[in-house]
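The values are calculated or read from the model by the stated rules, or taken from the named source; none is laboratory data. Since this is a predicted model, take the numbers as computed values, not measurements. Cβ placement follows ideal geometry from the backbone for every residue including glycine, while neighbour counts extend to all protein chains displayed.
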Amino acid sequence: MLRATARLPLPLTEAQASSLESIRSTATRPVVVLPECTTSNGRGLLRFADVFCDVRVPVMQFKVFVMCVRYDPPTAFSPTLAQPIPSAVLNPLPHIFSLASSLVPLTLSIRLLAPSEAPSSGAFLLSDFLTGDAVPDQLSECCAALIAQIGRFKRLGMGWEDKVAFLELYKNKK
């Protein structure tokens, strides 16, 4: 499990994947979707995957809580809590050691959007976030805009596939 840290997820086939609705209908507890869509430096927000394609906004079937977890960027004297670029040797043990031996306290900020402003609120206006062209996944687009707003991220047009290509290029240049 530790060796898989900061690696690509294994590709799923259609037979292995389940829809969010089927997971939600059988779940006995809340379902949490973690997009993990920040850039390596923690300043940009990548394009979200289309996870909520069949869900219309405002969401009435379930409650949506939008939260942003932001790590401080690394400095010369303080590592970041996130592992920006995986190492090939003993991954992630060197990073864990640098965290444990840091002399500066490590911080992280968590911001939660007020439920009255969330996409599951009756007062939520879709037109504040989406205009013009039809978007295949309205909820993902609204959540991405809200996370960028509360986390002060810059939204990028790139997706995780582009990040993977960049990391491969970076690894091959070394």
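Points to keep in mind about this one:
- From the options 102, 98, 87, 120, residue that is in a loop (DSSP other than H, G, I, E, B), surrounded by 11 or more Cβ atoms within 10 Å (Cβ to Cβ), modelled with pLDDT under 90 and out of contact with any helix residue (DSSP H, G or I) (no Cβ under 9 Å at 6 or more places or on another chain): 102
- Taking the criterion of being free of Cβ contacts under 8 Å to residues at least 60 places away in the same chain and farther than 15 Å from residue 35 by Cβ, the only residue of segment 153-165 that qualifies is 165.
- Scanning segment 123-159 for residues that are part of a loop (DSSP other than H, G, I, E, B) and over 22 Å from residue 70 (Cβ atoms) turns up 123, 124, 125, 130, 131, 132, 133, 134, 135, 136, 137.
- Tallying residues that are under 24 Å from residue 97 (Cβ atoms) and buried (at least 18 other Cβ atoms within 10 Å of the Cβ) within segment 43-82 yields 4.
- Contacts under 6 angstrom Cβ, first residue in segment 56-84 being modelled with pLDDT of 75 or more, partner among the charged types (D, E, K, R), 6 or more apart: 68/111
- Filter pass, residue 137 being more than 23 Å from residue 42 (Cα to Cα) and in the same structural domain as residue 56 (by TED's automatic domain parsing): yes
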